[in-house]
1. Taking only the stretch 28-59 into account, find how many residues are of a type in the set (V, I, T) and either over 16 Å from V71 (Cβ atoms) or more than 16 Å from the chain's Cα centre (by Cα) (or both).
2. Evaluate the following for V58: is it closer than 19 Å to P87 by Cβ and not small (G, A, S)?
3. For the stretch 67-88, what are the residues that are among the small types (G, A, S) and more than 9 Å from the chain's Cα centre (by Cα)?
4. Determine, yes or no, whether Y11 is out of contact with any helix residue (DSSP H, G or I) (no Cβ under 9 Å at 6 or more places or on another chain), touching a residue at least 40 places away in the same chain (Cβ under 8 Å) and either buried (at least 19 other Cβ atoms within 10 Å of the Cβ) or aromatic (F, W, Y) (or both).
5. Of the residues that make up the stretch 101-112, is at least one within 22 Å of M152 (Cβ to Cβ), in contact with a Pro (Cβ under 8 Å, 6 or more places away or on another chain) and either surrounded by fewer than 21 Cβ atoms within 10 Å (Cβ to Cβ) or not polar (S, T, N, Q) (or both)?
6. Among the listed residues G133, G91, which satisfies the condition of being on the phi > 0 side of the Ramachandran plot, over 16 Å from the mean Cα position of the chain (by Cα) and part of a loop (DSSP other than H, G, I, E, B)?
7. Which residues, taken from the stretch 138-152, are of a type in the set (A, V, I, L, M) and closer than 22 Å to D96 by Cβ?
8. Closer than 16 Å to C68 by Cβ and of a type in the set (D, E): is that true of D144 in this structure?
Amino acid sequence: MDMEKFTVTTYDPKYLPAFVELNREWIEKYFVLEPMDLAQLENPADSILNNGGEIFFVLEGDTAVGTCAMVPHGEHSYELAKMAVSPAARGRGYGDVLMEAAIAWAKARGASTITLLSNTALEPAIALYHKHGFATVHLGPHPDYKRSNIEMVLRLA
């Protein structure tokens, strides 16, 4: 990966369309948008940012090609959510870059855990989460998302 060709940044309203489109692309390809998705995509200020969360972007030049959000999830905990990389930019290590930025951000805020919800059909995503130390804590249906059948957690030192 050529480190000169990309940057990682936190939320800027000009990247909101990319946050929405990158996530709609994968969710609608494999699943359907659910009420929690719509809340986060249509109003990230109220559902993520104003509660102490953050949204990260990987930029190639001034184009956002990847994103993820850290949503406050109880005391000293965040949920990694809305992680997506443009199909054209996959295979460049941007998932790793986003994971590292999100984990470092949570650690800097004193988080003890990061959780995430996913689906075992998303094998590359599950492999990425395992690579970064997430462990499965629940398999099966989840009350918040119909598509979720795996809950994972990363315990921070």
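1. 2
2. yes
3. Of everything in the stretch 67-88, those that are among the small types (G, A, S) and more than 9 Å from the chain's Cα centre (by Cα) turn out to be G74, S77, S86, A88.
4. Taking the combined requirement at face value, the residue does not satisfy it.
5. The answer is no; no qualifying residue exists.
6. Result: G91 is the single residue among G133, G91 that is on the phi > 0 side of the Ramachandran plot, over 16 Å from the mean Cα position of the chain (by Cα) and part of a loop (DSSP other than H, G, I, E, B).
7. I150, M152
8. In short, no.
A short reminder: the numbers here are calculations on the coordinates, not readings from a lab. Computed from a prediction, not measured in an experiment: that's the story for all the values here. We place every Cβ from the backbone using ideal geometry, glycine too, and count neighbours over all the protein chains shown.
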